[in-house]
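> The structure's right below; bear with me while I get my questions together.
The values are calculated or read from the model by the stated rules, or taken from the named source; none is laboratory data. Since the model is a prediction, treat every value here as computed from it, not as a measurement. Because the Cβ atoms are built from the backbone with ideal geometry, glycine has one as well, and the counts that use them run over all protein chains shown. Heads up: the accessible areas ignore ligands, DNA and RNA and are worked out on the full protein's heavy atoms, side chains in. Shrake-Rupley method; radii C 1.70, N 1.55, O 1.52, S 1.80 Å.
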Amino acid sequence: MRLSAAAAISHGRVHRRFGLGPRSRLDLLRNLVTALVRHERIEAPWARADEMRGYAERLIEYAKLGDTNERAMRMANFWLTEKDLIHKLFKVLAPRFQPHPGSYTRLLQIPNRDGLDRAKMAVIELKGNPFPPLVCPRRDSEKTLLNQLLKGYREDMQQAAAPQPPEGTPV
């Protein structure tokens, strides 16, 4: 049996394949970007949210240039399918992110979707939104097996390093 590395070679593919073709992929991403601007927090499959994140951040970068910039207006007109959101993008979101140099979105993994596909799900949100913050599960809690073993090792090392009184002397 011969093993090949064909799965690891991209051959010019620079983005994920969604939908039925390039037009379907763009429509899906435009709808996700529009939903993110409208709701400021959405739930989507992780691959879609991760792919959409770059486009949303680039749109906000353009929006920070102002509504008088022709390229910024063309980008907003293309990416937002609901044209009433253009005002929100330029008058609400752009001033909120004006002092920030980048990283306008937060991507958090949530439990897999129930059903047949068990897709890996994520929540993508704009930073500074009015919703209560999502709680990230702490992976490094002291209840994990590794941390319990390390804790026991440290205690043993402290006991070994502590000065021992001679056996014949009372304490």
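> Consider segment 78-114. How many of its residues are closer than 18 Å to Leu29 by Cα and surrounded by 11 or more Cβ atoms within 10 Å (Cβ to Cβ)?
Here the count works out to 12.
> Then there's this: Considering only residues that are open to solvent by less than 50 Å² (accessible area, probe 1.4 Å), in contact with an Asp or Glu (Cβ under 9 Å, 6 or more places away or on another chain) and either at positive phi or not in a strand (DSSP E or B) (or both), which ones fall in segment 115-132? First the steps, then the outcome.
Residues of segment 115-132 that are open to solvent by less than 50 Å² (accessible area, probe 1.4 Å), as a first pass: 119, 121-126, 129.
Imposing the further condition that a residue be in contact with an Asp or Glu (Cβ under 9 Å, 6 or more places away or on another chain) reduces the set to 121-126, 129.
Matches in segment 115-132: Asn129 only.
> Here's another thing I want to ask about it. Under 8 Å by Cβ, and 6 or more places apart or on different chains, what pairs join a residue from segment 11-25 that is outside any loop (DSSP other than H, G, I, E, B) with one that is surrounded by 10 or more Cβ atoms within 10 Å (Cβ to Cβ) and hydrophobic (A, V, I, L, M, F, W, C)?
Ser24/Phe18; Arg25/Phe18
> Something else now. Take the residues in segment 133-168 that are of a type in the set (Lys, Arg) and modelled with pLDDT of 75 or more, then tell me which one is most open to solvent (accessible area, probe 1.4 Å).
This residue is Lys143.
> Could you say which residue among Val92, Val33, Val37 is among the aliphatic types (A, V, I, L, M), at pLDDT 90 or above and over 20 Å from the mean Cα position of the chain (by Cα)?
Residue meeting the stated conditions: Val92.
> Continuing with this model, one more query. Output the residue which, of all residues in segment 7-46 that are more than 18 Å from Glu82 (Cα to Cα) and small (Gly, Ala, Ser), is least open to solvent (accessible area, probe 1.4 Å).
Across segment 7-46, the extreme among qualifying residues is Ala44.
> Okay, moving on. Among the residues of segment 47-63, is there at least one that is open to solvent by 50 Å² or more (accessible area, probe 1.4 Å), outside any helix (DSSP H, G or I) and touching a residue at least 12 places away in the same chain (Cβ under 8 Å)?
The answer is no; no qualifying residue exists.
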